[in-house]
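Undergrad: I have a structure here, written as structure tokens, and I will follow up with some questions on it.
The values are calculated or read from the model by the stated rules, or taken from the named source; none is laboratory data. Keep in mind that what you see is a predicted model, and the values were worked out from it rather than measured. Ideal geometry is used to build each Cβ from the backbone, glycine not excepted, and the neighbour counts take in all protein chains shown.
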Amino acid sequence: MGENVAVTRDGPIVTVTLNRPEHRNSLSDPMLAELGAAFAELRDDVTSRVVIVTGAPPVFSAGAHAPIKSSMSETERRAAFSGRKSQFRRLFERANTVLENLEQTTIAMINGHAVGGGWGLTLACDFRIAAAEAQLWIPEVDLGVPLGVASTTRFVRLVGPGRAKEIIMTGRRYPAAEAQALGLVHRVVPGPDLVKATREFAEKLLAKPARPLAEMKARINTLARTATPEVNAMTEGFLDRG
């Protein structure tokens, strides 16, 4: 696909890999643009039925990329993140919106830590399967910037406002098993078994009739959005401004 995103095909299964391992798959603007293009291409692809999103080892994604140096003060670090947040949000949400609305069933294969926007990216997938060693957390508040409205919306939909506040406002790390207990991860397996477990799950989905799966996905997504109209209105307004 490009320098930052790898797309591989195995019959009806497509794997989209965040491919900046030297930067811990942090979400740079070029990567987000490539992700958006990859998902848009899949939107019109009638030969694929399952899309797996993962990261090049050893992590899923370290979140939003920012020009951080070890010599920076805390104030300078926060300014670096805050300075690129507007453009990041536009590219991030455009890619995530296409991903969330794909007719194909989507699986986040969380092979390592998923941080900030990296965790947010997994929430746009239908299913999340994580390595037991993975940890997930939202550091935005500690970095002096709010989490994007759409990612916040997805947390609220999945775990409710109380849990969403705890996850986002405290910034603490959640082991994969605890994220599973909260309903944010569907299955946790030992790291060496992750690829096999994800493939087996994909094969089970492929054994189902394609059209009913796609229709039920669309119907459930619509119901989830209409269940929180106030938050959805905020999201739509934000995206309109982007």
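Undergrad: Would you mind stating whether residue 202 is buried (at least 16 other Cβ atoms within 10 Å of the Cβ) and more than 26 Å from residue 64 (Cβ to Cβ)?
TA: Spelling it out, residue 202 is indeed buried (at least 16 other Cβ atoms within 10 Å of the Cβ) and more than 26 Å from residue 64 (Cβ to Cβ).
Undergrad: Go through (1) outside any strand (DSSP E or B); (2) modelled with pLDDT of 95 or more; (3) of a type outside the set (D, E, K, R) for residue 224 and report which single condition fails.
TA: (2)
Undergrad: Is it true that some residue in the stretch 112-125 is in a helix (DSSP H, G or I), surrounded by fewer than 19 Cβ atoms within 10 Å (Cβ to Cβ) and either in contact (Cβ under 8 Å) with a residue 24 or more places away in the chain or not aromatic (Phe, Trp, Tyr) (or both)?
TA: no
Undergrad: Right, residue 75: at pLDDT 95 or above and either part of a strand (DSSP E or B) or surrounded by fewer than 16 Cβ atoms within 10 Å (Cβ to Cβ) (or both) or not?
TA: The answer is no for residue 75.
Undergrad: For the stretch 17-27, indicate whether the set of residues that are of a type in the set (Val, Ile, Thr), more than 18 Å from residue 113 (Cβ to Cβ) and modelled with pLDDT of 85 or more is non-empty.
TA: no
Undergrad: A further question on this structure: For the stretch 118-151, give me the residue count where each residue is at pLDDT below 95 and not charged (D, E, K, R).
TA: Result for the stretch 118-151: 11.
Undergrad: Surrounded by 19 or more Cβ atoms within 10 Å (Cβ to Cβ) and either in contact (Cβ under 8 Å) with a residue 24 or more places away in the chain or assigned to a helix (DSSP H, G or I) (or both): which single residue out of 158, 147 fits that description?
TA: Step by step, each of 158, 147 is checked, and only 147 is surrounded by 19 or more Cβ atoms within 10 Å (Cβ to Cβ) and either in contact (Cβ under 8 Å) with a residue 24 or more places away in the chain or assigned to a helix (DSSP H, G or I) (or both).
Undergrad: Listed residues 128, 172, 187, 90; which is surrounded by fewer than 24 Cβ atoms within 10 Å (Cβ to Cβ), touching a residue at least 12 places away in the same chain (Cβ under 8 Å) and in contact with a Leu (Cβ under 9 Å, 6 or more places away or on another chain)?
TA: It is 90.
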